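Encoded as structure tokens, the structure appears first; notes follow it.
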Amino acid sequence: MIKINENYLKLPGSYLFSAIAKKVNEYSAAHPDKKIIRLGIGDVTRPLPKAVIEAMHKAVDEMADAATFRGYGPEQGYDFLRNAIAENDYKARGVDISPEEIFVSDGAKSDCGNIGDIFGVDNVVAVCDPVYPVYVDTNAMAGRAGDYDPKTETWTNLVYMPCLEENGFMPQLPERTPDIIYLCFPNNPSGAAIGYEELRKWVEYARANGAVILYDAAYEAYITENLPHSIFEIEGAKECAIEFRSFSKNAGFTGTRCAFTVIPKELKVGDVSVASLWNRRHTTKFNGVPYIVQRGAEAVYSPEGKAQVRELVDFYMNNARVIREGLAQAGFSVSGGVNSPYVWMKVPEGMTSWDFFDELLDKANVVGTPGSGFGPSGEGYFRLTGFGSAEATVEAIERIKNVFGK
Ligand code: MLT
């Protein structure tokens, strides 16, 4: 008789952003006259850069001609893209990553979730709190998280690293030693960014404890200060880290899907090369990102592509500034939004994150993401994104000021 993976039954509710979408759709159906502004999910709104579109059009034409048509590509990605990544994202920052260490995929979310396939279920996993829910939920699905305690809203086997106002929303080295450490910088959801010294501390800690850092750098393009864009800028990181990167947030590929994971050849568990395991998984379960999409991603690194991506990022960062400054003027305590498209705000005294979500939706018709959806230490906080249109962002902040301003 068929048996299900019972770990799935332990998952509370639905995926955070699906739950929010459901709530907003219900509200919208009940109030069809309301103009809702969505600054909840971190989804981009600007069209793809022109250089990307042109490259994709050209690739479409190639697919229409028997002489240039492509079927299955290399599962790890085409050389043209892996070379461009190695050259522009790493070599240009003084980091030597070879194209063979780069695995092109359909998303950093998929890779962050799938990477657990190659690690044992009895590893101890540490996550920031608040945290991007994918890390937690996928470890729960794999049976690595233990049981969910609805009272504390935590999983019994996970190590939580609270990121609170008093520690600058930065994780502290945990008391219980983990085997797998998820770090995300610039951080989703808090927008906090990490400096060289701080990141060095984590690399040293991981190396000293034989742990692996799973480093999600999907938002690195939003860094405006002198901070590491890659964990591999830190000496020794190649022996203890895997990095996840994405074209979603810099070049607007949320609907186009292209990302990559970097596993250096130096990363070994005993004699086993972690990259070789990932390669085995990737080639078995994945047939590669479409050629057309990879040509589009390659164009991100052309001179025009780089300039257009810069414009996109600047556009969203201006929205983040409008949100951050507007909320501060209205008397809210805010952080993030400087090296990140996310602004993290404290909700008014006496309200929970979900109270604020409901009130904001009802009174200002603005959608954000409740901090508690990212973990118990997110309670009392709320996330807004800079990914909306400029006009909608200005209007959302005006509405919030009108309803909640002091
Ligand atoms: C978010 O809003 O946190 C994003 O949707 C994260 C993601 O890219 O999946």
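Derivation of every value follows stated rules applied to the coordinates shown; laboratory data play no part. These numbers come from a predicted model, not from an experiment. Reconstructed Cβ throughout: ideal geometry from the backbone, glycine too, with neighbour counts over all protein chains shown.
Quick notes on this one:
- Only one residue of Ala66, Met170, Pro150 has its Cα farthest out toward the positive end of the dipole of segment 52-302, where Lys and Arg carry +1 and Asp and Glu -1 on Cβ, and that residue is Ala66.
- Length-normalised contact order for segment 52-302 - Cα pairs under 8 Å, 6+ apart - percent: 27
- Kirkwood-type hydrodynamic radius, segment 175-231: 11.8 Å, calculated from all non-identical alpha-carbon pairs.
- Between segment 118-187 and segment 269-332, the alpha-carbon center distance in angstrom: 23
- Cα-centre dipole for segment 52-302 with unit charges at Cβ (Lys and Arg positive, Asp and Glu negative), debye to 20: 440
- Top positive-direction residue, dipole computed over the chain with Cβ charges, set Ala237, Gly337, Gly405: Gly405
- Most positive-pole-ward Cα, Ala21, Val322, Ala211, against dipole of the chain from beta carbon charges: Ala21
- log10 of Debye I(q)/I(0), alpha-carbon scatterers only, for segment 72-225 at 0.15 Å⁻¹: -0.89
- Cα convex hull volume per residue for segment 212-340 (Å³): 144
- The chain - Rg (one decimal) and Dmax (whole number), Cα, Å: 21.2, 67
- GNM on the chain, alpha-carbon springs under 10 angstrom: the most fluctuating residue among Glu175, Glu198, Glu243 is Glu175.
- Here is the tail figure for segment 334-406: Cα pairs spaced more than 16 Å apart come to 47 percent of all pairs.
- Most fluctuating residue given options Gly236, Gly94, Gly375, as computed from a GNM of the chain linking Cα atoms under 10 Å: Gly94
- Stokes-Einstein diffusion coefficient of segment 133-182, Kirkwood radius over Cα pairs, 10 °C, 1.306 mPa s, in µm²/s: 133
- Compactness check for segment 182-273: Cα Rg over 2.2 N^0.38 Å is 1.10.
- Reachable aspartates and glutamates from Lys363, criterion Cα separation under 13 angstrom, eight or more residues apart if same chain: Asp355, Glu398
- Percent of alpha-carbon pairs separated by more than 16 Å within segment 80-138: 59
- Of the beta bridges in the chain, as assigned by DSSP with both residues counted there, near 55 percent are antiparallel.
- For segment 15-111, the set of trypsin sites (Lys or Arg not before Pro) satisfying both a DSSP loop assignment and a count of at most 15 other C-beta atoms within 10 Å is given as Lys34, Lys35, Arg70.
- Measuring between alpha carbons in the structure, the pairs from Lys34/Lys109; Lys268/Lys306; Lys23/Lys109 lying more than 27 angstrom apart are Lys34/Lys109; Lys268/Lys306.
- Against the empirical curve 2.2 N^0.38 Å, the C-alpha radius of gyration of segment 259-315 lands at a ratio of 1.58.
- GNM result for the chain, Cα springs below 10 Å: residue of Tyr132, Tyr291, Tyr381 fluctuating most strongly: Tyr291
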